1. For the range 19-312, with all protein chains present and a 1.4 Å probe, just round the carbon and sulfur fraction of the accessible area to a whole percent.
2. Short version: ³J(HN,Hα) in whole Hz for each residue of the range 754-767, in order, from phi by Karplus 6.51 cos²θ - 1.76 cosθ + 1.60 (θ = phi - 60°), x for Gly and Pro, what are they?
3. Classify the range 450-512: rounded, prolate or oblate, from the alpha-carbon gyration tensor (a ≥ b ≥ c, eigenvalue square roots; a/c under 1.5 rounded; otherwise prolate if a/b is larger than b/c)?
4. What is the distance, in nm, between label points placed 7 Å from the Cα along the Cα-to-Cβ direction at Asp624 and at Ala578?
5. Within the set of other residues whose C-beta is less than 15 Å from the C-beta of Ala107, count the net charge using Lys and Arg as +1 and Asp and Glu as -1.
6. Which ³J(HN,Hα) values, rounded to whole Hz and listed in residue order, are derived for the range 372-380 from phi using the Karplus coefficients 6.51, -1.76 and 1.60 in 6.51 cos²θ - 1.76 cosθ + 1.60 with θ = phi - 60°, glycine and proline given as x?
7. Quote the FRET efficiency, to the nearest 0.05, computed for Glu12 versus Glu79 with a Förster distance R0 of 22 Å and r equal to the Cβ-Cβ distance.
8. Each residue of the range 656-665 in order: what ³J(HN,Hα) in whole Hz does its phi give by Karplus 6.51 cos²θ - 1.76 cosθ + 1.60, θ = phi - 60°, with x for Gly and Pro?
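The values are calculated or read from the model by the stated rules, or taken from the named source; none is laboratory data. Quantities reported herein were computed from a predicted structural model and do not represent experimental measurements. So basically every Cβ, Gly included, is an ideal-geometry build from the backbone, and we count neighbours across all protein chains shown. For accessibility, only protein heavy atoms count, side chains too; no ligands or nucleic acids. Shrake-Rupley method; radii C 1.70, N 1.55, O 1.52, S 1.80 Å.
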Amino acid sequence: MSAAAPAALPPEGLPGLDRAWSRLVTAPSSDGARRTWHLLDTGPALEAAGVRPVGTVLAVHGNPTWSYLWREVVAASLEAERPWRVVAVDQLEMGWSERTGAPRTVADRVRDLGLLTDALGLDGPVVPLGHDWGGIVAMGWAVDHAADTAGVVLANTALPDPTEDVLPGLLRFALTPAVTRAGTSGTTAFLETTLRIAHPPLPPEVRAAYRAPYRGAARRAGIEQFVRDIPADPSHPSAAELARIAEGVGRLAVPVLLLWGPRDPVFQERYLAGLMRRMPHADVHRFEGAGHLLPEDVALAPVIRTWLETRLGGDRPAELAAYLDAAPYEPLWSVLDARRDESSTALVEMRGGTRPPRVVSWRLLARRIESIAAGLLAVGVRRGQRVSLLVPPGADLTAALYACLRIGAVVVVADAGLGLQGMTRAVNGARPDWIIGVPAALGIARALGWPGVRILAGGASPALRNAIGARHTLAELAATGDGVGLPPEPAPDDLAAVLFTSGSTGPAKGVRYTYRRLAGVRDALRRECGLGQGSGLVAGFAPFALLGPALGCRTATPEMDVTRPATLTAERLAASIAAVDADSVFLSPAAMANVVATADEAAAFERIRLVLSAGAPLGGPLLDGAARVFPQATIRTPYGMTECLLVTDVTLTDIREAGSGNGVCVGRPITGVRVRIAPLDADGVPHGSRVVAPGTTGEIEVSAPHMLTGYDRLWLTDRRARAGTSAQPWHRTGDVGHLDEQGRLWVEGRLQHVIVTADGVVTPVGVEQRAESVGVRRAAAVGVGPRGTQQLVVVVEDRPSGLVEPALADSVRAAVGEPVAAVLGVPRLPTDIRHNSKIDRALLARWAEAVLAGERPPRW
């Protein structure tokens with residue numbers, strides 16, 4: 001027994017907390033006595049204002065926090081147009097609620113909360129909101145009050161899972177007998193450790209507010225009780241209650257929102273995966289960079305409000321999945337089926353050095369895909385499970401990808417161009433069940449703890465295979481599945497793939513595609529570019545290398561490092577062209593630049609009739625160089641993004657006819673695609689009615705039958721990117737630009753890179769083009785200072801770091817035609833890894849601000 005103490009109100013002056021929200025409520029409890037709770041409650045204020053709330057959000061904190069955790073949610077509820085009442089409790093023995101002197105189990109806490117809500121008269125609709133072990137209590141309340149539960153919101157919590165070790169490592173340590181009392185109630189160690197894992201660090205006054213109710217060992221007894229009540233094994237008294245809650249949650253037929261901070265040393269990603277398995281219908285949003293104290297790391301109040309309005313308030317977003325192509329659906333593997341008996345070449349993988357190219361016929365490719373598909377089924381891969389592909393472009397990647405698609409597995413493609421940190425975020429976010437990878441990739445996967453059963457692509461010694469933890473190999477799967485039949489094909493609107501963006505403007509995002517949408521990309525390429533059976537394609541741009549077989553093209557993957565596209569030389573490209581008698585080439589801008597730079601003469605490329613380049617705009621000099629190297633080719637630079645791979649198309653001739661303008665001309669929308677503009681206001685924010693009228697700069701929105709169905713486990717991002725209706729959905733691209741009189745689209749930059757000066761809005765690309773006209777190899781325009789009074793700074797490449805020489809600065813200012821505060825130089829502009837061409841203007845802006853302030857700038 002610990003010391004008893006009455007409930008109390010928190011002291012005045014705690015940051016962000018209005019003491020008027022606090023109240024003390026006495027209710028029956030699980031121990032038979034009446035106990036007094038402290039809680040934050042907006043009900044009285046709403047009632048005094050004559051406002052009837054939509055329902056109640058019942059917020060439950062975890063250990064060792066208190067209702068202060070939800071202060072922003074409480075405050076936001078009073079400002080909403082259609083408010084929900086918020087009741088944020090301090091659990092008994094915690095915060096400012098009563099210290100009863102008796103230990104409490106999870107079952108007691110669930111019953112206590114139910115008795116409190118009975119006393120408050122909460123009878124629905126109620127949305128329990130829980131964090132940490134408060135999430136378990138909130139879920140227990142929902143299970144016991146299913147009729148009153150309208151939805152559930154959870155943040156960084158867990159439920160027992162028989163397939164996993166349920167207990168986080170830090171909590172196992174806290175349960176060590178020698179540690180528990182000393183670390184929880186005897187000292188402030190457990191409390192202080194929790195407060196130190198916020199990202200960014202909590203301000204001192206906020207840390208002090210969390211400590212306020214826990215001064216003295218007696219006041220911290222509840223923290224110790226909470227830790228002791230964690231089931232370390234099935235014999236623990238609370239294990240049965242947790243199992244009951246876990247089973248009951250799976251039966252809840254209400255909307256669920258799972259909010260997650262991946263940098264959580266307590267509840268790691270596997271606990272999110274466990275919650276998703278129990279509640280597969282849940283909306284999920286992972287906040288990259290955030291951790292265990294998610295309500296402190298991220299402003300959750302607007303997220304929760306938006307979700308309540310969306311899922312429970314009648315504000316239904318346009319469901320992109322409802323917009324389906326009216327054209328007949330043809331599976332991605334239809335050409336492979338049709339050509340399965342042909343001995344002609346389907347794929348050539350250029351391997352470099354003394355190794356000969358790997359040549360694969362249509363017959364071998366079709367049979368290899370089918371045997372690997374059957375082998376995958378034999379080892380336990382099931383429809384809807386996720387398979388991460390960590391294999392460079394080539395024959396193995398093509399066979400593995402189509403095998404997964406054929407059996408209905410969801411392929412996760414996060415290429416090595418994201419870099420190791422980006423790959424780690426992507427793989428952990430997608431949470432694959434299986435990983436197919438080359439030895440180096442599987443070694444990294446094992447070392448970094450990436451999830452998924454590992455399957456080896458390629459050869460390895462028994463010792464290496466054991467070291468990287470490869471349970472199977474593609475060769476073994478192919479042998480196991482040879483001659484075995486396959487199940488029925490997946491449905492057109494099943495999820496087929498999660499493709500990750502380049503991460504050039506923030507953490508890479510997973511983009512969801514159904515089979516129908518992927519087939520739509522293939523159909524658009526076939527229709528717009530004339531690619532199909534009889535074409536020979538060199539695919540130096542990884543996303544389109546995988547579509548070659550679906551198009552029926554003879555496809556060569558050139559010798560190059562996919563993380564460094566500029567490693568593709570003219571000589572290597574010429575060898576690839578010869579290998580498949582190619583008439584078409586698809587290159588990234590960085591690869592194109594190096595091919596042009598290393599091409600001595602164009603004889604090897606005279607057979608090329610079509611050159612495609614995508615991923616970033618190509619400047620005039622590079623386009624001119626491409627025209628010289630590929631003298632017989634039509635050079636096309638389609639505009640698109642991972643979310644909609646083909647939006648517009650433009651040829652070099654079209655670009656020359658368009659002339660100069662504010663931005664890069666990317667041509668007219670292709671067949672089936674619609675483009676419109678959301679105008680920017682004086683603060684650089686899209687607003688008002690969308691337009692197709694020429695000359696208006698704003699955010700570019702697109703609608704197409706081959707665009708994404710949504711973002712993966714990024715509910716808020718997905719919601720913000722949607723516009724329109726289910727009959728005509730639109731995707732907000734995050735790019736800014738305008739349409740001209742001829743219906744051509746001009747891209748002026750990214751929305752987040754728009755510069756807002758005292759004189760108005762400035763988009764970066766036009767400034768950069770004009771700066772480059774004075775002979776600068778490459779330039780970037782960024783804003784320095786507070787938005788609204790930003791100063792325009794131009795940074796040019798191939799110069800020492802710092803201010804450039806006055807003559808060059810004068811030339812740049814004269815060419816730009818806008819007030820330029822400074823012209824700075826750098827040896828090399830920061831670019832993304834995948835394309836080696838998209839400038840990281842956000843990083844560059846921080847660098848410029850530090851340089852101009854005389855501070856140490858960030859490096860890249």
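1. 55 percent
2. 4, 9, 10, 9, 5, 8, x, 8, 10, 8, x, 5, x, 4
3. Oblate shape, in that a/c is at least 1.5 and b/c is the bigger or equal ratio.
4. Reported label-point gap for Asp624 and Ala578 is 3.1 nm.
5. Details: positive: Arg104, Arg109, Arg111, Arg228, Arg244; negative: Asp31, Glu93, Asp108, Asp112, Asp144, Asp229, Glu241, Glu247.
Counting the neighbours of Ala107, the net charge comes to -3.
6. 5, 4, 5, x, 4, 4, 5, 8, x
7. Calculated transfer efficiency: 0.50.
8. Listing the rounded values in order: 5, 5, 5, x, 8, x, 7, x, 9, 6 Hz.
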